[in-house]
1. What angle do you read, to the nearest 10 degrees and between 0 and 90, between the alpha-carbon axis of helix 108-121 and the longest principal axis of the chain?
2. Excluding residues on the same chain fewer than 8 positions from Lys37, give the aspartates and glutamates whose Cα lies under 13 Å from its Cα.
3. Helix 82-92 sits at what angle to the longest principal axis of the chain, using alpha carbons and giving 0 to 90 degrees rounded to 10?
4. Using all C-alpha to C-alpha distances in the chain, build P(r) with 10 Å bins and read off the rounded percent in each one.
5. Would you please name the GluC sites (Glu not before Pro) within region 18-124 that are DSSP coil residues with at most 13 other C-beta atoms within 10 Å of their C-beta?
6. For region 20-77, which chymotrypsin sites (Phe, Trp or Tyr not before Pro) pass both filters: DSSP loop (anything but H, G, I, E, B) and at most 15 other C-beta atoms within 10 Å?
7. For His11, what residues show an amide H to amide H distance below 5 Å, using hydrogens built from the backbone and excluding near sequence neighbours?
8. Can you give the accessible area per residue of region 34-82, in Å², using a 1.4 Å probe?
Amino acid sequence: MSDQAIILFAHGARDPDWAAPFRIIKQQLQAARPEVKVELAFQEFMTPSLEAAVAQSAAQGAQRIVLVPLFMAQGGHLKQDLPLLVAKIREQHPQLELRLMPAIGDAPEVLQAITDWVLRSASV
């Protein structure tokens, strides 16, 4: 294991099946980068929380953590809640290097992949 970790951060839901696509992303990332610890954390309703996932990664030796918000857009959670949460985590773990990525919906490649899928699948 390296000293790096990736934490995928999703909203969460009451229905555990909701997280299935995110678990697949986690598994695919872990298979692609077996030396990097990959975790999945949630804003609400599900566990672990982002704070718990960071604490666990740090306890397992992570010194650099990349936080990846699995959100399609910059809504209230990403504009207001997440910066406050990251600031709190930085206070709790000053030894960690935390890098916050933009929401996946901000990535042109993701938007193009969705567009391509719709064009292939919709038959319009």
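The values are calculated or read from the model by the stated rules, or taken from the named source; none is laboratory data. Everything numeric in this text was worked out from a predicted model, so none of it was measured. Ideal geometry is used to build each Cβ from the backbone, glycine not excepted, and the neighbour counts take in all protein chains shown. What goes into the accessible areas is simple: the full protein's heavy atoms, side chains included, and nothing from ligands, DNA or RNA. Shrake-Rupley method; radii C 1.70, N 1.55, O 1.52, S 1.80 Å.
1. Approximately 30 degrees, to the nearest 10.
2. Asp3
3. 20
4. That works out to 12, 41, 34, 10, 2, 0, in percent per bin.
5. When the GluC sites (Glu not before Pro) of region 18-124 are filtered for loop state and at most 13 Cβ neighbours within 10 Å, Glu35, Glu44 remain.
6. Passing sites in region 20-77 are Phe45.
7. Correct list: Gln43.
8. 45
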